[in-house]
Amino acid sequence: MKTLTSFFVFVMTLPAADLNWPQFGGPHRNFMVDSTGLADQWPAAGPKKLWSRPLGEGYSEISVDGNALFTMYRRNSNGADQEVVVSLDAATGKTLWEYAYSAPANGMALENGPGPHTTPLVLADRVCTVGINAILNCLDKKSGKLLWSKDLYKDFPGSTHMDRGYSTSPILYQGSMILTLGGHGHAVIALDPSNGALKWAKGDLGNSPSSPILINVNGQDQLVAFLDDGGKDLAHGLVTGIDPKSGDLLWQHSHKTSWDLNIAIPVWGDDGILVISSAYGTGARGLKLTQSGGKTTVQELWSNPRMRIHHSTMVRLGDYLYGSSGDFGPAPLAAINVKTGEMKWQDRQFPKACFVYADGKFFIVDEDGTVSLAKLSPEGAHVISKAMLLTSNAWTAPSLAGTKLYVRDRKSIVALDVSK
């Protein structure tokens, strides 16, 4: 199979530490990892369960740093709503430390769960998290001690307040932590993770629930972000390219949806094709990006309203991209050609699902709680093994570090050994 995609840009942006799954989407922010020695099939009951434990409400992924896990959940303590950043022992699931803070959800639409939605960003000596009210905390990763905190909505008035809570996971670039906020003059911001100091704030666009990614276009690093949902006086329904050094807007392309909701993150390939996909009537687009002399040209190669990725993952292998296509109704697993936009197949044996790819296999968690091992190709989906391991609205993507797979739903977390 041809080269998957080029991700050297991520290697240079992450600290030189033993980070296994340090951020949303994994080490390359694309739900693909380099793990090997993974089992080719599982027993009927599923892979070996190392441990399981209650966790609490939330959709935050599990970040992994050596022997420690980091995630977030929500609880009610003595009548007060709190968000909790938790560090767990990777071998046993026991709590190493917790940091809890007030997080009222007044006025938010919580019918699908109250969050938190973002994934911790693990750095060399600290972990940074953002809650539904855009409270950014930076904690010592060994002790959980609060190093610094910022209320992003208060510090940047006029930011986009999403009715289901803030959901943009931070990303690191050359020592800067970048987040999207929306608003006039601060659509995107960069902070110093050592002390929270502002490095730059740029843009007059609204925010979206999606998280940004880093790409390299003909030698130029770019941050790609959906910036939309901006209200009457802010542009919305856009995918944008931004200079991660300065925040300057490099390009933008229209991708408007009903309710101005773009949630799934874009997917980049080393052939210069960026694939974006959203639910709510819009579907997918393939954009060819080229850059010369600092100027980026965007050519729309195709659009297909049938490939509608809602809030789950997309993974590209070769010329095909795989994801669960659908919003309010069924969301069959689907394959689409990234060069032509042709829908190759749809498979209804999976409910809406998230997954990670490694060692030639997909590790799939569907919303009903089934964890599956499968191979996906242009010819179709071949399910090798599956087991029901979760129960409560399993919308969180799995995290794979080495041969350990970590999965969670809205009530629990499970650690699995998926080695041969």
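Computed from the coordinates by the stated procedures, all read-outs in this text should not be read as laboratory data. Note that the structure is a prediction, hence the values are computed from the model and not measured. Glycine gets a Cβ as well: all are built from the backbone with ideal geometry, and neighbour counts include every protein chain shown.
A few comments on the model shown:
- Cβ-based net charge around residue 306, under 13 Å, with every Lys or Arg adding one and every Asp or Glu removing one: +1
- Ordering of 325-335, 145-155 by packing [mean C-beta count within 10 Å, highest first]: 325-335, 145-155
- When the listed pairs 295/375; 256/295; 256/386; 361/411; 141/411; 142/245 are checked against a 32 Å cut-off, the alpha-carbon distance exceeds it for 295/375; 256/386.
- Magnitude of the charge dipole for region 8-417, about its Cα centre and with charges confined to Cβ atoms of Lys, Arg (+1) and Asp, Glu (-1), is about 380 debye.
- Cα radius of gyration and Dmax for the chain (Å): 19.8, 59
- Gained length - residue 163 relative to residue 306, 0.36 nm times residue gap less alpha-carbon distance: 48.8 nm
- Once the Cα-Cα distance is subtracted from the 0.36 nm per residue extended length, the residue 45 to residue 124 segment shows a gain of 24.7 nm.
- Burial ranking of peptide ranges 374-387, 173-186 (average Cβ count within 10 Å, highest at the top): 173-186, 374-387
- Segment residue 98-residue 382, extension gain: residue separation times 0.36 nm, minus the distance between their alpha carbons: 98.2 nm
- The Cα center of region 351-387 and the Cα center of region 45-108 differ in position by 25 Å.
- Alpha-carbon centroid distance for the pair region 114-180 / region 288-325, whole angstrom: 27
- In the frame of its principal axes, region 266-313 has Cα extents of 37, 18, 15 Å, reported largest first.
- Max mean-square fluctuation residue, GNM over the chain, Cα-Cα springs under 10 Å, options 85, 33, 298: 298
- Gyration tensor verdict on region 230-315 (Cα atoms; rounded if a/c is under 1.5, prolate if a/b is larger than b/c, oblate otherwise): oblate
- When the alpha-carbon atoms of region 360-416 are used, the pair Rg, Dmax equals 11.5, 36 angstrom.
- Protection proxy ranking, peptides 247-257, 216-226, 125-135, average beta carbon neighbours within 10 Å, highest first: 125-135, 216-226, 247-257
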